[in-house]
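The values are calculated or read from the model by the stated rules, or taken from the named source; none is laboratory data. Please read these numbers as outputs of a predicted model, since none were measured by experiment. Because the Cβ atoms are built from the backbone with ideal geometry, glycine has one as well, and the counts that use them run over all protein chains shown.
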Amino acid sequence: MKSSGPLKPWLLLSPALLFLLLPLYGLGAAFWNSITDQGALSLKVYEELFRDEEFLSSLLYSVWIALAATVLSLFLGWFLTRMFASLLASTSGKLAAWLPMIFPHFVWAYLVLLLFREGGLISGLIPGDPSLAQDPEGIGIILTYIGKETPFVILMLLPVYLTRERHYDDLVETLGGSLFFRIRDAEWPWVAPVFIETGLIIFAFTFSAYEVPALVGATFPEMVSVLTYDWFYSGDWGERPLAFAAMVFSSVVISLIAWVAFFLINKKRRLLTEGL
Amino acid sequence: MTSFIDVRDAEKCFSSSEVFGDVSFHIEEGEIFSIVGPSGSGKTTLLRCLAGLETFSGGSVHIDGEPVTDVKANARPISLVFQQPLLFPHMTVLENISYGLKFKHIKKKERLARASVFLGKVGMEKYGASYPHELSGGQRQRIALARSLVLSPKLLLLDEPFSSLDKKLREEMREWVRTLLKQQGITAIFVTHDQEEAVMMGDVIGVFKGGTFAQIGTPHSVYEHPATPDVAHFFGDNWVIDEDRYVPRRHLYLLKEKRDNLQQWPGVVSGKRLLHGIAFSQVDLDGKRTMIYDSTGFEEGAEVFVTMDPANIRTFQEKKSIG
Amino acid sequence: MKKISFWTIFLCFVFVPIGLLILQSFTAPGSLTEPSMNGWTGLFERRRLVEATLTSLVIGAFVVLFNIVIGMSAGKALALYRFQGKDILDTLLLMPILLPLLAITFGVHIAMIRIGLADTAAGVILIHLVPTVPYSIKIFRNGYVSLGGKILEQAEMLGASAGRTFLDIELPLLRAPIQSVVFLTFVISLSQYVITAIIGGGTVVTLAMVYFPFLESANTTLVAAFSLWFALLPLSFYLFAEGLIRLLPYQRRRRRRTHDLFY
């Protein structure tokens with residue numbers, strides 16, 4: 001690693017820094033719009049937001065759906081990667097894992113709609129013909145996300161499993177460790193940073209994405225993103241400050257979770273790099 | 001009169017700490033200069049600065065009378081062979097060797113012809129069309145050397161080029177590389193942490209310690225007349241009595257009982273060794289372990305006295321460079 | 001045994017759903033047995049769809065290009081240099097994919113109206129960078145880490161300029177990460193509905209803009225064909241990009257790939 005020439009890395013980073021202005025400005029502007037009321041600083045919008053029961057219930061609903069989708073796809077993806085790492089490394093395995101990645105989220109959502117809505121190809125086979133899409137429980141949304149995010153988890157974790165030191169497995173085994181200990185001591189420390197980061201990306205995405213809940217979500221309850229979009233485009237622009245405030249608050253929720261997760265990752269990373 | 005390679009008062013600082021300083025030496029055309037020193041002494045950084053990959057904080061470098069300190073790495077008449085062969089994996093062996101000639105504005109046909117000559121010189125005529133991953137470690141390092149030599153650099157830098165090879169191969173390569181460099185009349189700096197390798201490769205040796213040269217001289221003079229206790233320790237074949245005096249180890253001998261008229265130190269025989277059929281005792285002396293020729297045949301555990309003929313006690317020379 | 005279970009899982013959860021789409025696109029709406037080409041012919045009869053495909057391709061190509069420029073340079077800096085503030089930068093560069101895209105887009109929209117980028121393809125290209133660039137930087141960073149800085153120094157020592165090193169060493173040896181970025185970025189760009197709608201304001205019509213209202217239609221055959229069109233586009237773009245990459249130096253032979261897939 002080079003350490004001379006302090007200017008060179010910043011020169012290389014300048015396009016990225018220029019790019020960063022875009023999201024930073026966007027968030028700043030959203031924040032500014034949420035705390036001003038007719039040109040004056042005020043928290044009125046937030047007071048109104050937290051009195052709004054529709055918002056509060058959709059916030060909880062969003063947290064629940066994002067959490068369920070994240071945890072399920074993370075563990076499913078992890079399990080499949082562990083089981084089939086060598087198969088996934090082959091060309092046909094790679095293609096298999098990449099295939100679902102080609103389709104946009106909303107195409108996958110349409111598939112779920114086709115298969116699971118009332119009278120759908122699969123739900124029609126289940127006794128009672130339940131509607132598992134556009135349902136108030138959000139099962140359709142969760143199913144869509146599992147279908148799309150599980151391959152993502154696999155593709156993120158696979159390099160870890162393919163480059164991992166196998167000796168640690170043998171070490172734990174010769175020391176008499178069971179499968180549980182092998183996973184805990186010989187796998188998890190290496191998997192954890194990628195696992196947590198991937199989980200965070202999926203949670204943040206599923207929590208705030210618009211397309212999937214707009215297609216396979218119910219009309220009530222709505223996820224925060226759908227509600228906000230409606231507010232933003234409601235006829236008289238009167239609800240725009242509310243839309244900004246809702247998004248700013250969602251950012252705060254995600255940031256808090258991200259902050260805790262990164263604190264955990266960094267602690268782990270330091271242990272790993274210093275311990276070798 | 002100036003030398004072919006002339007380095008004066010070179011120094012390198014990172015933020016506030018000095019990596020090396022007060023470094024001056026010169027090399028005559030066709031000479032091989034070995035720099036030997038423990039790891040972390042700053043010798044690799046010195047080499048990187050000479051190559052132009054890092055900048056000196058001060059001092060000057062002249063090659064054949066021309067200052068090169070401000071010349072960029074890719075324009076210096078210097079080539080560097082790294083610890084790893086670093087062959088380009090997507091190019092054939094011949095493409096690898098001829099790669100540097102591209103930048104000397106030589107036609108492709110001529111480039112390949114010159115590369116083929118050097119392929120022959122490193123004894124790998126048959127491998128021109130092979131890819132690096134098909135070669136062994138030693139073969140790869142040979143190609144890396146050919147790739148640098150084909151550019152006929154005014155100065156060739158070698159940074160521990162054999163350290164990734166196993167012991168037997170390393171010994172073969174040393175001899176082979178030295179012969180090749182001499183044949184080509186290449187001026188070279190060879191960096192190593194192995195004193196044996198330094199002695200074998202270099203016409204002149206510089207012992208690098210704590211960021212500067214402790215001594216520069218011919219292998220024989222550095223070995224026989226170390227300038228400082230550090231150098232004496234590093235070469236290991238001297239017994240350092242104090243700050244000013246030392247004895248070559250071959251002049252030490254063991255006594256069973258104390259004698260009056262000699263300087264002597266008590267020690268314990270902690271082991272026995274046979275080297276080339278001659279018996280040595282491993283003696284613990286002042287907390288340090290040293291091997292001493294043993295004509296008497298002491299048992300392990302015996303209490304002995306180590307002594308020498310006063311005529312063999314030498315005084316450290318002042319640090320100085322030859323030239 | 002392992003192989004069988006792997007392909008069974010793949011069959012059930014990936015191949016069957018996609019197979020159903022393919023089947024439906026060639027059969028009459030609601031039926032999976034009565035053959036019909038109406039889906040595909042109906043699709044290409046719509047001028048709006050052909051135009052939207054072109055718009056999506058152009059926008060996607062620019063997004064990919066910007067991603068390669070930003071991703072390669074930043075990835076190189078992060079992988080090969082040590083400098084102050086790296087940790088903070090790491091977090092900042094992940095932020096665009098962690099914080100709500102809708103929040104960023106709402107905020108950016110105001111500025112874009114002011115500087116005249118709202119309702120233009122350029123504005124859409126810029127906003128599509130937000131959900132893609134962080135991935136590209138990550139992929140290229142890992143690529144440069146496994147490449148190592150030494151091999152670039154080696155080229156420099158042989159007399160290569162920075163530009164030559166880039167063409168002769170970096171581009172050929174970073175082929176796998178470049179492929180990943182081209183593909184992933186294009187797919188993500190193609191998938192953006194809501195941010196395209198906001199910034200493009202209905203004037204910039206990408207494929208997603210046509211697809212969304214389309215879903216209301218009950219003609220499942222047409223929608224199935226349209227859905228597959230979304231997968232065919234990135235594949236053809238990828239092949240096109242591959243062709244371009246091959247024109248560069250030292251690309252003529254396929255090398256053994258490193259086993260990093262997603263970097």
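Summary of values
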quantity	calculated
Which listed residue is at pLDDT below 95 and within 30 Å of residue A:159 (Cα to Cα), from A:82, A:51	A:82
Meets criteria (within 14 Å of chain C (Cβ to nearest Cβ), of a type outside the set (Asp, Glu) and surrounded by fewer than 16 Cβ atoms within 10 Å (Cβ to Cβ)) for residue B:15	yes
Among residues of region A:231-256, those that are closer than 22 Å to residue A:25 by Cβ and in a helix (DSSP H, G or I), counted	18
Members of region C:111-125 found to be without any contact (Cβ under 8 Å) to a residue 60 or more places away in the chain and either within 7 Å of another protein chain (Cβ to nearest Cβ) or surrounded by 21 or more Cβ atoms within 10 Å (Cβ to Cβ) (or both), listed by number	C:111
Within region B:147-159, tally of residues that are buried (at least 20 other Cβ atoms within 10 Å of the Cβ) and over 22 Å from residue B:95 (Cα atoms)	2
Among (1) within 23 Å of residue A:249 (Cβ to Cβ); (2) more than 10 Å from every other protein chain (Cβ to nearest Cβ); (3) more than 14 Å from the chain's Cα centre (by Cα), the one test that residue A:188 misses	(1)
Whichever residue in region A:200-230 is in a helix (DSSP H, G or I), within 20 Å of residue C:213 (Cβ to Cβ) and out of contact with any helix residue (DSSP H, G or I) (no Cβ under 6 Å at 6 or more places or on another chain) and, among such residues, is nearest to the other protein chains (Cβ to nearest Cβ)	A:229
Count - residues of region A:47-99 that are out of contact with any helix residue (DSSP H, G or I) (no Cβ under 8 Å at 6 or more places or on another chain), of a type in the set (Asp, Glu) and touching a residue at least 12 places away in the same chain (Cβ under 8 Å)	0
Residue that is farthest from residue C:50 (Cα to Cα) [pool: residues in region C:207-229 that are among the β-branched types (Val, Ile, Thr) and within 11 Å of another protein chain (Cβ to nearest Cβ)]	C:220
Looking only at region C:151-169, and only at residues there that are within 30 Å of residue A:91 (Cβ to Cβ) and surrounded by fewer than 20 Cβ atoms within 10 Å (Cβ to Cβ), the one that is nearest to the other protein chains (Cβ to nearest Cβ)	C:151
Tally, over region A:159-180, of residues that are more than 14 Å from chain C (Cβ to nearest Cβ), touching an Asp or Glu at 6+ places or on another chain (Cβ under 9 Å) and not aliphatic (A, V, I, L, M)	3
Any hit, region C:161-173, residues being touching a strand residue (DSSP E or B) at 6+ places or on another chain (Cβ under 6 Å), in the same structural domain as residue C:234 (by TED's automatic domain parsing) and outside any loop (DSSP other than H, G, I, E, B)	no
Pairs, first of a type in the set (Ser, Thr, Tyr) in region B:6-27, second buried (at least 17 other Cβ atoms within 10 Å of the Cβ) and assigned to a strand (DSSP E or B), C-beta under 7 Å, six or more apart	B:24/B:7
Strands (runs of 3 or more DSSP E) wholly inside region B:1-117 containing at least 2 residues that are touching a helix residue (DSSP H, G or I) at 6+ places or on another chain (Cβ under 8 Å)	B:5-14, B:17-27, B:32-36, B:78-81
Segments classed as helices (runs of 4 or more DSSP H), wholly inside region C:6-104, with at least 1 members that are within 8 Å of another protein chain (Cβ to nearest Cβ) and either modelled with pLDDT of 85 or more or surrounded by fewer than 18 Cβ atoms within 10 Å (Cβ to Cβ) (or both)	C:16-25, C:47-80, C:86-98
Selection within region C:170-179 - more than 7 Å from chain B (Cβ to nearest Cβ) and aliphatic (A, V, I, L, M)	C:171, C:174, C:176, C:178
Breaking point among (1) buried (at least 19 other Cβ atoms within 10 Å of the Cβ); (2) among the β-branched types (Val, Ile, Thr); (3) under 25 Å from residue A:196 (Cα atoms), for residue C:145	(1)
Subset of region C:61-82 [touching a Ser or Thr at 6+ places or on another chain (Cβ under 8 Å) and over 30 Å from residue C:124 (Cα atoms)]	C:81, C:82
Failed item, numbered, when residue B:163 is tested on (1) part of a helix (DSSP H, G or I); (2) out of contact with any helix residue (DSSP H, G or I) (no Cβ under 6 Å at 6 or more places or on another chain); (3) over 21 Å from residue B:100 (Cα atoms)	(1)
Number of positions in region C:105-127 that are of a type outside the set (Lys, Arg), over 13 Å from residue A:20 (Cα atoms) and in a helix (DSSP H, G or I)	14
Subset tally (residues that are at pLDDT 90 or above and either part of a loop (DSSP other than H, G, I, E, B) or under 19 Å from the mean Cα position of the chain (by Cα) (or both)) for region C:211-229	5
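Table: residues versus (1) over 21 Å from residue C:63 (Cβ atoms); (2) more than 10 Å from chain A (Cβ to nearest Cβ); (3) modelled with pLDDT of 90 or more; (4) not in a helix (DSSP H, G or I).
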site: C:199; (1), (2), (3), (4): no, yes, yes, no
site: C:204; (1), (2), (3), (4): no, yes, yes, yes
site: C:231; (1), (2), (3), (4): no, no, yes, no
site: C:245; (1), (2), (3), (4): no, yes, no, no
site: C:248; (1), (2), (3), (4): no, yes, no, yes
